Amino acid sequence: MTAMADAAAASTPKSPAFIRRYRPGDFDDVSRVCLLTADAGGDATGLFSSDDLMPDVYVRPYLLLESRFAWVVESRGAARGYIVCAPDTRAFVARYREEWLPRFVREHDGVEGFDGEERKLRGAGVTPERMLSPEVDAYPAHLHIDLLPELQGQGWGRRLMQTLVAALSAEGVAGVHLSLAASNTGARAFYDRMSFVELSSSTAESPTLGLRIS
Ligand SMILES: CC(C)(COP(=O)(O)OP(=O)(O)OC[C@H]1O[C@@H](n2cnc3c(N)ncnc32)[C@H](O)[C@@H]1OP(=O)(O)O)[C@@H](O)C(=O)NCCC(=O)NCCS
């Protein structure tokens with residue numbers, strides 16, 4: 001290498017992380033990111049009877065049923081952030097009930113014998129119709145986005161969101177919505193910056209936000 005090429009290589013900005021489409025080999029890494037961010041943005045490890053419960057409710061069905069609308073941030077050889085989305089929530093609910101629910105029930109049983117937060121989470125797992133918010137026709141898609149702490153605050157959330165919105169726009173999807181924990185003030189600030197607005201069904205305890213796309 002010449003001295004000039006050497007200098008050029010040294011000054012080339014390194015790209016330690018990048019966005020790419022989800023691949024089936026990312027399944028466990030994405031599940032791990034979900035678990036490590038599922039307690040209103042913090043680590044949910046050990047909070048429930050199984051560490052598989054959170055990923056089985058909030059990310060794995062999307063990876064299996066809607067992998068076309070899943071992207072990851074790869075960093076140091078592994079997926080350390082993701083965005084997943086059901087572009088048509090009504091269709092997703094039907095497929096969840098048909099294709100995912102039997103597996104969920106086999107793995108986790110139902111809600112009987114559980115109470116508190118565990119019962120609520122299991123209830124969410126066995127009730128896909130919870131996803132049918134009153135605004136589902138105006139905002140047919142819904143999403144989940146999570147990054148490990150090492151990737152937060154560097155613009156990856158914005159870039160993942162832009163990637164998803166471009167894909168939804170290309171398919172003519174009118175809008176996207178999401179729900180979040182009321183205590184997750186960091187995420188709320190992020191969605192505000194992404195121009196999401198509060199939907200009429202939103203409550204202080206259970207905020208629901210939406211973004212019109214086309
Ligand atoms: C919420 C999350 C996806 C945001 O992604 P991110 O990469 O950290 O956010 P970005 O760096 O792209 O920030 C985009 C904008 O949002 C703002 N923002 C992001 N996180 C914020 C926070 N915690 N507090 C205040 N503002 C925040 C940024 O300041 C930035 O604003 P700007 O447009 O004025 O520059 C990410 O922090 C995360 O995964 N958190 C933990 C898991 C989680 O809570 N997921 C959401 C569950 S509903």
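Every read-out reported here was derived from the displayed coordinates using simple, explicitly stated rules and does not represent laboratory data. Everything numeric here is computed off the predicted structure, so don't read it as measured data. As a convention, Cβ positions derive from the backbone with ideal geometry for all residues, glycine included, and neighbour counts pool all protein chains shown.
Here are the numbers for the structure shown:
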read-out: Amide H within-cut-off set for S202, under 5 Å, with H built and near neighbours excluded; value: T208
read-out: Hull-based mean projected area of the range 76-146, where the convex hull spans the alpha carbons, in square nanometres; value: 6.6
read-out: R193/D43 FRET efficiency (R0 22 Å; Cβ-Cβ; nearest 0.05); value: 0.35
read-out: Paramagnetic label zone (point 7 Å from Cα along Cα-to-C-beta, D137; backbone N under 19 Å) in the range 64-93; value: 87-93
read-out: For the range 21-72, Kirkwood radius (reciprocal of mean inverse C-alpha pair distance, Å); value: 11.1
read-out: Two-decimal ratio, the chain, of alpha-carbon radius of gyration to 2.2 N^0.38 Å; value: 1.09
read-out: Residues of the range 17-33 with amide N under 15 Å of the 7 Å Cα→Cβ point at D88; value: none
read-out: Residue-span extension gain [L101 to A174] - 0.36 nm each, minus C-alpha spacing; value: 23.5 nm
read-out: Most mobile of D137, D28, D115 in a GNM of the chain (Cα contacts under 10 Å); value: D115
read-out: Length released on extending from S183 to R21, taking residue separation times 0.36 nm less the Cα-Cα span; value: 55.3 nm
read-out: Alpha-carbon centroids, the range 143-173 and the range 179-206: separation in whole Å; value: 16
